[in-house]
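Below you'll find the structure, written out as structure tokens, and then a few comments.
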Amino acid sequence: MTVNWAVTTYDSAFGYVSAHGAPLVDLLDPQPGERVIDLGCGTGTFSAEIAERGAEVLGIDGSPEMVAQAAAAYPGLSFIVGDAHDFTVGESFDAVASNAALHWMNRDPDAVIGRVYAALRPGGRFVGELGGAGNCAELIVAMQTAWRVFGLGEPELPWYFPTPAEYAARLEEAGFTLRLLEHADRPTRMTEGPNGAADWVRAYAARALADVPPEIVDPLLKRVNDLAAPALRRESGWVADYVRLRFAAVRKADSATPLPFGPFAADPQL
């Protein structure tokens, strides 16, 4: 193991999520003519980056609104609405990639990995980056503390942030051979979130606000800001305490099936 390391609002106010996808394209190394699924495609930015390398891309997302925006922004690409826990495709793909989306698929992570396995040809690649253990720890503690201060129940958090060992085990148990796993801190400027942690909660933890009485939402979020500020507010602005888990895996190939070329293709010496 190597250790180095929301619809309109989602792209405009917090566009850094999409911006950090570029290096993941290099890890995927899509080849002209390959068929690639972008799982959790959102508004299509990562799909378009894959397509620029000459691959045929199918974007899948559970949000009809995001899929509609993706289709409007990139009319030459294919996008469909689908649940990552139970999606099916009619033919095998060369690769499945996912950027900043797998941690939202928290109902049954093993089911998601299983559907990816089923969608790939033998030797096909699964590449992704998601929030890892410790992701947004300061933000989450600030939320939980503020909720308690206001006499509210524990906030519902819609994410799954696995440890490297946990996710590696899930991949290997599903039939993948792991080629790369990186888990690293990546503090990230909230460049378009002027109200800091409060804006972050509105964009990414809206479910937690759904049961909060409307009259206390603003003071509640002000308390979140006050609690998070010592760790996350700098003179230059707010920082999100991101921790990312990046991986590359290969579906185990039949003996007669050649493995793909690319930066993590099978090494015959291994």
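We did not get these values from a lab; they are worked out from the coordinates using the rules stated. Everything quoted here is computed from the prediction, not taken from an experiment. Here the Cβ positions follow ideal geometry from the backbone for every residue, glycine too, while neighbour counts run over all protein chains shown.
For region 239-247, backbone phi angles converted through the Karplus equation (6.51, -1.76, 1.60; θ = phi - 60°) give residue-by-residue couplings of 10, 8, 8, 7, 10, 10, 10, 10, 9 Hz, Gly and Pro being listed as x. Around the amide H of residue 34, modelled in the peptide plane, lie the amide H atoms of 56, all under 5 Å away and 5 or more residues distant in sequence or on another chain. Its Cα gyration tensor gives region 125-184 an equivalent ellipsoid, and the semi-axes of that ellipsoid, as √(5λ) in whole Å with the largest first, are 32, 11, 8. Compared with the rule-of-thumb size 2.2 N^0.38 Å for a compact globular protein, region 153-204 has a Cα radius of gyration ratio of 1.64. Between amide H atoms placed 1.01 Å from N, distances below 5 Å from residue 93 occur with 120, 121, all of them 5 or more places distant or on a separate chain. The 3J(HN,Hα) values that the Karplus relation (6.51, -1.76, 1.60; θ = phi - 60°) gives for region 214-230 are, in residue order, x, 6, 10, 4, 5, x, 4, 6, 5, 5, 4, 4, 4, 6, 7, 4, x Hz. Gly and Pro appear as x. Taking the radius of gyration and the Kirkwood hydrodynamic radius from Cα positions alone, what is the Rg/Rh ratio for region 58-153, to two decimal places? My calculation of the ratio gives 1.09.
The magnitude of the dipole of region 149-240, with charges of +1 and -1 set on the Cβ of Lys/Arg and Asp/Glu and taken from the Cα centre, is near 260 debye. Identify the residues of region 110-143 with backbone N under 15 Å of a label point that sits 7 angstrom from the Cα of residue 169 along the Cα-to-Cβ direction, or state none. So the set is 110, 133. Taking the alpha carbon gyration tensor of region 110-213, multiplying each eigenvalue by 5 and rooting it gives semi-axes of 33, 16, 13 Å, largest first.
Annotation: amide H of residue 242 within the under-5 Å range of 136, 186, 188, sequence separation 5 or more or interchain, hydrogens built in the peptide plane.
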